[in-house]
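Below is one structure; the comments refer to it alone.
All of the numbers you see were taken from the coordinates with simple rules; none came from a lab. Predicted model, so just to flag it, every value in this text is computed and none were measured. Here the Cβ positions follow ideal geometry from the backbone for every residue, glycine too, while neighbour counts run over all protein chains shown.
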Amino acid sequence: MADSTKIELIAPHRCRARVLYGDTDAGGVVYYGNYLRYFERGRTELMRERGISYRELEDRGLIMPVVEAYSRYKASARYDDLIEIATSFIWVKRLSCRFNYEIRQTADQGLLIKGFTLHAVVNHQGKLTKLPDDIFIALQEIIDNPPVINLTKKHDRL
C-alpha cells in the first residue's frame with residue numbers, strides 16, 4: 001500500500017506571501033491552522049496561472065472542497081516573514097484531485113511545513129459530481145505538461 005502522506009513536488013508552482021499579524025497567535029508565530037490558508041493560496045495561484053480559476057468552476061456549478069488534509073510542521077514562521085509556497089498538482093480523477101505543498105522561509109529556504117489536500121468535486125447542493133470533460137482535460141494538462149521553471153524569473157515582491 002502506498003504511503004498517502006508522502007509529499008513529492010513535481011515542477012511546482014511557486015508564489016510568495018508576507019505573514020500578516022492576524023495570521024499569528026499570542027506567541028507571535030503563525031497559528032497552525034493558517035497554513036491551510038497558505039495552501040489554498042498556492043493552489044489558487046497555480047490554477048489561475050494555468051488558466052483555470054475557482055470562480056470559473058463555481059460559475060459552472062462546481063465546488064472542490066477539501067475532504068482530507070495532511071500537514072507536517074517543521075519550523076515556525078513569524079509575523080512579517082516572507083514565505084514561499086510551492087504547490088504541485090499531483091493527480092486528478094473525475095470525482096477528486098490532490099495537491100502537494102511545501103512552504104519555506106524565503107530568506108534561507110528553511111522548510112516550515114509540507115502537506116497535501118485532497119478535494120472532492122461537488123455541485124452547489126453538495127452532491128458528488130463528475131468533472132465535465134473540458135475541465136478534466138484542462139486539469140490533466142497541468143499534470144501532463146508542467147511549466148518550464150525559469151530560475152532567473154523574479155517572484156512577486158512584497
With respect to the numbered conditions (1) crowded, with 18+ Cβ neighbours inside 10 Å; (2) without any contact (Cβ under 8 Å) to a residue 12 or more places away in the chain, which one is the sole condition not fulfilled by Gly27? (1)
Kindly provide the set of residues from the stretch 111-138 that are surrounded by 19 or more Cβ atoms within 10 Å (Cβ to Cβ), among the aliphatic types (A, V, I, L, M) and within 30 Å of Arg18 (Cα to Cα), ordered by number. Leu112, Ile113
Among (1) surrounded by 13 or more Cβ atoms within 10 Å (Cβ to Cβ); (2) at negative phi; (3) not in a strand (DSSP E or B); (4) not acidic (Asp, Glu), where does Ile10 come up short? (1)
Exactly one condition in (1) surrounded by 17 or more Cβ atoms within 10 Å (Cβ to Cβ); (2) in a strand (DSSP E or B) is not met by Glu45; state its number. (2)
Residue in the stretch 53-110 that is surrounded by the most Cβ atoms within 10 Å (Cβ to Cβ), counting only those that are in a loop (DSSP other than H, G, I, E, B) and of a type in the set (A, V, I, L, M, F, W, C): Ala77
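Per-residue answers, yes or no, for (1) in contact with a helix residue (DSSP H, G or I) (Cβ under 8 Å, 6 or more places away or on another chain); (2) under 23 Å from Glu141 (Cβ atoms):
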| residue | (1), (2) |
| --- | --- |
| Arg18 | no, no |
| Val30 | yes, no |
| Arg41 | no, yes |
| Tyr54 | yes, yes |
| Tyr79 | yes, no |
| Tyr101 | yes, yes |
| Arg104 | no, no |
Tell me which residues, restricted to the stretch 1-59, are closer than 15 Å to Ile83 by Cα and among the aromatic types (Phe, Trp, Tyr). Tyr21, Tyr31, Tyr32, Tyr35, Tyr38, Phe39
Selection within the stretch 86-144 - in contact with a Phe, Trp or Tyr (Cβ under 9 Å, 6 or more places away or on another chain) and aliphatic (A, V, I, L, M): Ala86, Ile90, Val92, Ile103, Leu112, Ile113, Leu118, Leu139, Ile142, Ile143
Can you work out which of the residues in the stretch 59-107 that are without any contact (Cβ under 8 Å) to a residue 24 or more places away in the chain and more than 11 Å from the chain's Cα centre (by Cα) is nearest to Leu131 (Cα to Cα)? Lys93
